[in-house]
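Notes follow once the structure below has been shown.
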Amino acid sequence: MILIPAIDILNGRVVRLIQGAYDREVQYAEDPAYYARKFESEGAQWIHVVDLDGARAGEVRNLEAVRSIREATRAAIEFGGGLRSHESVAAMLSLGVNRRVLGTRGLDEDFLSSLVREHGEKIAVSVDVRQGKVQAEGWTRGTEMSLEELCGRGIRLGFLSSNG
């Protein structure tokens, strides 16, 4: 089993949103790099970083925080939040992010297909679900798509395996 600790960033600070609500946060630290070093010292091989501002705005907003995390640790980094263009995905590559995680744009079959062709396994899709329905745009918009429908689409397109 691989445990991947997460650093969620809102306005440059490490936070945790309560049930995905931006107006209900718990703040942990001003310095995201602190947690990167802490997680690595505790044995983390990967760190999951989420730009909550970027997820809500549709474009990466916390580049400096990501840069500070990258400089603070040798652990592999996967990043999500606001990756909705080829340019933003490429920008994460230039910062040394090992895996780019799509949220909302991962629902766009053509966009996802083109990124997987270009970047392969360095692309992942993260899906937030509330009451059985896929959420989009940083939890701010619900869809009518169920998780089962999304997984079925992934299997049909060859991104997921149906055998486990």
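The values are calculated or read from the model by the stated rules, or taken from the named source; none is laboratory data. No experiment lies behind these values; they were computed from the predicted model shown. Note: ideal-geometry Cβ built from the backbone for every residue, glycine included; neighbour counts use all protein chains shown. Just the protein is used for accessible areas: all its heavy atoms, side chains included, with ligands, DNA and RNA removed. Shrake-Rupley method; radii C 1.70, N 1.55, O 1.52, S 1.80 Å.
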Q. For the chain, what % of the accessible area comes from carbon and sulfur atoms, probe 1.4 Å?
A. 48 percent
Q: Return a whole-number percent for the relative contact order of the stretch 1-93, with Cα pairs under 8 Å and 6 or more residues apart as the contact set.
A: 29 percent
Q: Using the charge dipole of the stretch 2-104 (Lys, Arg: +1 at Cβ; Asp, Glu: -1 at Cβ; taken about the Cα centre), state which of Gln19, Gly58, Leu83 has its Cα farthest towards the positive end.
A: Leu83
Q) In square nanometres, what is one fourth of the surface area of the convex hull spanned by the alpha carbons of the stretch 22-164? A) 9.4 nm²
Q: Mind grabbing the accessible area of Trp46 for me, 1.4 Å probe, Å², rounded to tens?
A: 60 Å²
Q. Considering only protein heavy atoms, what per residue accessible area in square angstrom results for the stretch 52-149 with a 1.4 angstrom probe?
A. 51 Å²
Q) What number, in percent, do you get for the relative contact order of the chain if the mean sequence gap of Cα pairs under 8 Å and at least 6 apart is divided by its residue count? A) 16 percent
